[in-house]
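The structure appears below as structure tokens.
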Amino acid sequence: MRLKTYFSVLILLTVFASCKKGGSKPNNPGSTLVLDATEQQKAVTDNAFTFKLFNGLAPVNSTDGNLFISPLSVSIAMAMTSNGANGQTLAAIDSTMNFNGFTQAELNSYYNKLITQLPKLDPNTTFDIANSIWYKQGFSVLPQFITTNSDYYKATVQSLDFSSPSAVNTINNWVSSNTNGKITSIVNSIPSNEVMYLINALYFKSTWKEKFNASDTKAAPFYVDASNQVQAPFMTGMIDMNSYTDANVTVVELPYSGDKFSMVIVEPHTDKTLADIMPGLDQSWKNWMTNLNSARGQVTLPKFTYNYSISLKDELTALGMGVAFSGGADFSKISNEKLEITDVEHKTYVAVDENGTEAAAVTSVGVGASAAPVYDYNINRPFIFAIRERNSGLILFAGIMNNPLITAN
């Protein structure tokens, strides 16, 4: 079968635990990630969160930008944070992150397994996972919160003088060190009400199982939409892969060396757009992965490198986690002080070339002392008003305002 198609936007680095109809045997078995029934179900819900977040962020109706996220990084950072949440706040985090249906102990055990085992899967692939918690010097953190995140998430925990300019550099140096310098900062400045940052960092680097020959890379048009195109460098090679095609899409799974990791590429057919395939993406993905078959064909794929950054506060709020960002948040398992999430910053990097793929992600959950709520009062309809003496409550004047342009009756 000859596959020659210009793959584009939807690119996810995925660890597959589902069965495939086809596929070659690993050339280096390494170790195996074994999930029990509960953990496998959690992996399914993590993928569902991927597409829930993806649908909210994907620029399907615009050609002005790309998207690259690490839902695993977001999930780990939020799982650490959820160990400090309680009541309605914990319920909102669980619902938004697809943590509901699992106990806190099950979540911590599941992410601990990923953190400890994923980096060991393939000696040909570097996949590093690091976590850290930085808190304001003098801020009282409950010991159990620190213990849980240190034990299960292997988090580095350190107090810092947040008022010192060196605090920003200390945090950013940790980020740069744990992403091989691909992401150099996650904090620009530390607001006075900030008391804690919970940070996850991921770094991935692997080579293709069958590398593309650099001498075959040539410029060709990439069609950004029906009427616009750009010239881009395209790699071409005959590749053993898994593939699937239906009336809407062509799906190709390109293995990395060792066969433990792969890149899955989904391209809509020429009469379809990304917007056409986004609805029901979670279920479509399951169908595509189930129906992959072994194939060998010519793959033409653009080389690309880009950085992506976004605040996830608005998207997580839209997905139902708004209470965690408000004065009504309950993080009583972090501290006895009143706290709320101030922001969730997410940064990624990806480079795809003839040799393979390098990718990095950082997610930072900022936690700050709650401020008094600020409301917007827009009084623009008829109203009653009164003038009173405050100590006694005695009303001195009272009235109704129906029209502020009337000056006399």
Within the stretch 167-195, tally of residues that are over 14 Å from GLU358 (Cα atoms) and either touching a helix residue (DSSP H, G or I) at 6+ places or on another chain (Cβ under 9 Å) or of a type in the set (Val, Ile, Thr) (or both): 12
Residue under evaluation GLN117, criteria (1) farther than 30 Å from ALA37 by Cβ; (2) modelled with pLDDT under 95; (3) of a type in the set (S, T, N, Q), criterion not met: (1)
Contacts under 9 angstrom Cβ, first residue in the stretch 342-364 being aromatic (Phe, Trp, Tyr) and at pLDDT below 95, partner assigned to a strand (DSSP E or B) and surrounded by fewer than 22 Cβ atoms within 10 Å (Cβ to Cβ), 6 or more apart: TYR349/THR305; TYR349/TYR306; TYR349/ASN307; TYR349/TYR308; TYR349/GLU358
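Does ASN248 satisfy being surrounded by 12 or more Cβ atoms within 10 Å (Cβ to Cβ), under 27 Å from GLY56 (Cβ atoms), over 24 Å from the mean Cα position of the chain (by Cα) and at pLDDT 85 or above?
On the way: surrounded by 12 or more Cβ atoms within 10 Å (Cβ to Cβ): yes; under 27 Å from GLY56 (Cβ atoms): yes; over 24 Å from the mean Cα position of the chain (by Cα): yes; at pLDDT 85 or above: yes.
The answer is yes for ASN248.
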Scope the stretch 210-233; condition in a strand (DSSP E or B) and of a type outside the set (S, T, N, Q); matching residues: LYS218, ALA219, ALA220, PRO221, PHE222, TYR223, VAL224, ASP225, VAL230, ALA232, PRO233
Failed item, numbered, when THR184 is tested on (1) within 19 Å of the chain's Cα centre (by Cα); (2) in contact (Cβ under 8 Å) with a residue 24 or more places away in the chain: (2)
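Looking for something buried (at least 21 other Cβ atoms within 10 Å of the Cβ), over 21 Å from PHE304 (Cβ atoms) and either of a type in the set (Phe, Trp, Tyr) or modelled with pLDDT of 50 or more (or both) - is there at least one such residue anywhere in the stretch 11-29? Give the derivation first.
Keep residues of the stretch 11-29 that are buried (at least 21 other Cβ atoms within 10 Å of the Cβ), which gives none.
Taking every residue of the stretch 11-29 in turn, none turns out to be buried (at least 21 other Cβ atoms within 10 Å of the Cβ), over 21 Å from PHE304 (Cβ atoms) and either of a type in the set (Phe, Trp, Tyr) or modelled with pLDDT of 50 or more (or both).
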Selected residue (only one of GLN104, GLN144 is touching a Leu at 6+ places or on another chain (Cβ under 9 Å), surrounded by fewer than 18 Cβ atoms within 10 Å (Cβ to Cβ) and within 30 Å of GLN41 (Cβ to Cβ)): GLN104
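The values are calculated or read from the model by the stated rules, or taken from the named source; none is laboratory data. Note that the coordinates shown come from a computational prediction; the quantities given were computed from them, not determined experimentally. Don't worry about glycine lacking a Cβ; one is built from the backbone with ideal geometry, like all the others, and counts go over all protein chains shown.
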